[in-house]
Amino acid sequence: MAHGDYLKQTGKPKKGKKTFLRMVSYVAADRKLLFVIGFLIIISIISSLLGSYMIRPIINDYILPGDFTGLINILLILLVIYLAGVAAVWIQYRLLNVVGQRTVTRMRSDLFRKMERLPIKYFDTHQHGDLMSRYTNDIDRISDALTDSLSDMLSSALMLIGIFTLMLYISPILTLVTLVTVPLMFLSARMIVKRSRKYFKAQQDSLGVINGYIEEMISGQKVVKVFGHEQKVEADFDVLNQDLKGKAQNAQFFSGLMMPVMQNLNTLNYVIITIVGALLAIFRGFDVGGLAAFLQYSRQFGRPINELASLYNSIQAAIAGAERIFDIIDEEPESADNPEAVELTHVRGDVRMKDVYFGYKPEKVILKGISFHVKAGCKIALVGATGAGKTTILNMLPRFFDIQSGEISIDDHSIQMIKRENLRESMAIVLQDTHLFTGTVRENIRFGRLDATDEQVIQAAKLTSAHSFIKRLPKGYDTVLENDGASLSQGQRQLLNIARAAIADPPILLLDEATSNIDTRSEILIQKGLDQLMEGRTSLIIAHRLSTVKNAHLILVMDQGRIIESGNHQELLEMKGKYYSLYKEQFQ
């Protein structure tokens with residue numbers, strides 16, 4: 001994807017408040033622990049407020065009168081109060097870590113479960129690296145906010161209320177003076193929030209975009225190097241990197257303004273209170289201890305506001321990440337089964353398409369009136385130029401995509417009226433592009449049927465001619481494969497994929513260019529495995545090498561989404577049409 005297309009994917013957050021409340025709802029599942037945490041927060045706040053207030057009696061009742069013994073006693077009491085506060089804070093953060101990790105675990109599980117229920121089309125139209133970024137960067141942002149920011153916000157808000165109450169108790173006049181700068185603080189905060197919110201969402205989007213690009217370049221390194229495009233991809237990456245830098249700088253700049261602005265306003269407030277308080281002490285007899293305690297609260301009054309301001313960075317990043325996660329969770333899953341859908345048993349594999357029309361986009365029709373009938377146990381081949389619609393037909397059968405009109409049936413049951421899971425259980429697919437999971441050879445084959453025994457795994461490998469090369473591996477069936485089986489040849493990887501299909505023992509087999517990337521010697525071995533696998537099964541094969549489909553019961557020649565010729569190999573050669581031309585091109 002060109003870097004210009006990546007940059008278009010970023011945008012402004014649309015539902016910040018709704019996303020925040022929804023994020024909090026995930027936390028609410030641990031409401032019992034939250035009550036304990038709330039209780040500990042209150043203890044820590046009371047400890048802090050009480051400790052500050054005790055400055056008043058310490059000065060008035062012990063320091064000024066010179067009562068040293070009483071001073072020692074009250075200082076010991078003050079020590080106990082502060083130790084209680086420290087213990088409460090320590091336990092609070094330990095519990096917060098538990099709640100935070102439980103919350104992101106639930107969120108991550110919901111995200112993964114939803115991804116497993118999304119239609120294939122979603123993954124075809126979204127960058128895999130960007131999807132991975134939701135599990136890493138976005139989840140990390142939320143975790144940081146849940147373990148620190150949310151509790152700090154609650155603590156700061158309660159502290160603010162407590163400080164204001166005690167300030168009002170000590171001196172209503174000085175409290176009114178304090179409130180002069182509060183509107184300025186909130187007005188400044190609102191202006192900064194308004195400017196920075198969009199940059200945090202853009203930053204997270206841009207981070208997902210750059211991860212998507214990196215993922216593409218890592219998986220495509222051979223292509224990049226063979227065409228010598230290192231400088232081009234570096235230049236494209238620099239554009240994406242600079243875009244991320246710009247958005248991150250804007251987000252950090254505006255959120256970074258919050259703290260110095262609040263601190264300066266708080267300092268101005270402190271100076272005004274000191275002047276007015278001194279005048280009250282001189283001319284109105286305001287006690288020195290009360291003034292000292294009020295000044296302490298004045299300092300503390302600004303601190304919760306400063307903390308709320310500084311937490312904005314983390315909260316906004318978390319909201320931006322949560323919005324990206326909820327965008328996936330809110331995606332429409334595969335359509336639900338029809339309430340009257342049935343579950344087929346003893347599937348014979350009689351497949352029929354009747355006047356099927358389909359396009360990945362409504363305005364661009366790919367299949368145009370496709371009709372054919374494959375009797376149970378027969379083998380049908382689809383041939384034709386690239387883009388003729390062959391793979392699209394295979395995508396229709398397991399309902400990776402639903403047709404726009406017409407009908408597809410299996411054993412005279414419309415696939416729309418068969419439960420989707422049951423429908424797919426009746427099929428196995430072997431694709432041109434192999435995919436092996438990280439794990440042992442045995443586990444990769446068993447992925448076709450998880451309850452298969454070790455003996456059944458070995459029988460499937462023998463059936464598909466994979467057993468001999470598996471026995472030569474360092475640990476045989478227990479050899480661990482990594483990085484999509486990079487230690488194996490292309491032919492060996494394909495044999496394992498065929499064995500995986502064999503162990504599923506499906507009545508219907510779909511083969512999409514299963515031997516197109518294989519050398520001639522490997523092709524012979526793989527074709528032998530496929531022939532044994534197809535024995536007695538309904539098989540639909542896509543192949544460019546016509547030599548592999550000569551023995552098919554029926555060959556359909558496709559062109560631009562239509563079937564233009566049909567028949568067996570000999571019949572099509574006698575027609576001397578498109579198939580005849582393709583055959584002559586390959587063997588002359």
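The values are calculated or read from the model by the stated rules, or taken from the named source; none is laboratory data. This structure is a prediction, so every number in the text was calculated from the model and none was measured. Quick reminder, even Gly has a Cβ in these numbers, built from the backbone with ideal geometry, and neighbours come from all protein chains shown. These area figures cover heavy atoms from the full protein model, side chains too; ligands, DNA and RNA do not enter into them. Shrake-Rupley method; radii C 1.70, N 1.55, O 1.52, S 1.80 Å.
As an equivalent ellipsoid, the chain spans semi-axes of 71, 25, 22 angstrom, where each value is the square root of five times an eigenvalue of the C-alpha gyration tensor, largest first. Once the mean of 1/r is taken over each pair of separate Cα atoms and inverted, the stretch 242-299 shows a Kirkwood hydrodynamic radius of 13.9 Å.
Size of the stretch 305-418 from its Cα atoms: along the principal axes, largest to smallest, the extents are 75, 37, 23 Å.
What do you get when you divide the Cα radius of gyration of the stretch 166-291 by 2.2 N^0.38 Å, with N the number of residues?
Numbers: Rg = 26.5 Å, N = 126, 2.2 N^0.38 = 13.8 Å.
Its radius of gyration relative to the 2.2 N^0.38 Å reference: 1.92.
Using equal-weight Cα scatterers in the Debye expression, the normalised intensity of the stretch 199-268 in log10 at q = 0.13, 0.24 Å⁻¹ is -0.52, -0.98. Loop-resident chymotrypsin sites (Phe, Trp or Tyr not before Pro) (DSSP state other than H, G, I, E or B) in the stretch 321-428 with no more than 16 further Cβ atoms inside 10 Å of their Cβ: Tyr360, Phe400.
Take Glu116: with every protein chain present and a 1.4 Å probe, its accessible area is about 120 Å².
Using 23 Å as the Cα-Cα cut-off, could you pick out the over-long pairs in Lys361/Lys578; Lys390/Lys578; Lys17/Lys201; Lys528/Lys584; Lys375/Lys576; Lys390/Lys576? As for pairs spanning more than 23 Å Cα to Cα, those are Lys361/Lys578; Lys528/Lys584; Lys375/Lys576. How many angstrom lie between the Cα centre of the stretch 394-408 and the Cα centre of the stretch 264-291? What the calculation gives is 79 Å, centre to centre. Between helix 490-504 and the chain there is an angle of about 90 degrees, using the helix long axis and the longest principal axis of the Cα atoms.
Taking only protein heavy atoms into account and a 1.4 Å probe, give the accessible area per residue of the stretch 127-178 in Å². The partial results should precede the final answer.
Details: 2090 Å² over 52 residues.
On a per-residue basis, 40 Å².
Taking every DSSP beta bridge with both residues inside the chain, roughly what % is antiparallel (nearest 5)? Once the DSSP bridges in the chain are tallied, antiparallel ones form about 50 percent.
Report, to two decimal places, the Cα Rg of the stretch 43-113 normalised by 2.2 N^0.38 Å (N = number of residues). Taking the Cα Rg and dividing by 2.2 N^0.38 Å, one obtains 1.84. Put a plus charge on the Cβ of each Lys and Arg, a minus charge on the Cβ of each Asp and Glu, and nothing anywhere else: the dipole of the chain about its Cα centre is then about 840 debye. Hydrodynamic analysis of the stretch 202-356 uses the Kirkwood radius over alpha carbon pairs. Inserted into Stokes-Einstein at 25 °C and 0.890 mPa s, it gives a translational diffusion coefficient of 108 µm²/s.
Helices in the chain, meaning DSSP H runs of at least 4 residues, each add -39500 (n - 2.57). Divided by all residues, the mean residue ellipticity at 222 nm is -20000 deg cm²/dmol.
Using the Kirkwood radius built from alpha carbon pairs, what does the Stokes-Einstein equation give as D for the stretch 34-153 at 4 °C and 1.567 mPa s, in µm² per second? Mind dumping the intermediate values first?
Working: Rh = 18.1 Å.
In µm²/s, the coefficient is 71.
Its Cα centre serving as origin, the stretch 356-472 has a Cβ charge dipole (Lys and Arg +1, Asp and Glu -1) of approximately 360 debye.
I'd like the Kirkwood hydrodynamic radius of the stretch 61-217, using the inverse of the mean 1/r over distinct C-alpha pairs, in Å. It would help to have the intermediate numbers written out before the result.
Values: mean 1/r = 0.0478 Å⁻¹.
Its Kirkwood hydrodynamic radius stands at 20.9 Å.
Going toward the positive end of the dipole of the chain, with +1 on Lys and Arg Cβ and -1 on Asp and Glu Cβ, which of Thr181, Ser47, Val104 do you reach last? So the residue we want is Thr181.
Averaged over every viewing direction, what's the projected area of the C-alpha convex hull for the stretch 429-490? Give it in nm², one decimal, please. Intermediate values should be presented prior to the final figure.
On the way: hull surface 16.7 nm².
If you wrap the Cα atoms of the stretch 429-490 in a convex hull and average its projections, you get 4.2 nm².
Dividing the Cα radius of gyration of the stretch 394-525 by its Kirkwood radius returns 1.02 for Rg/Rh.
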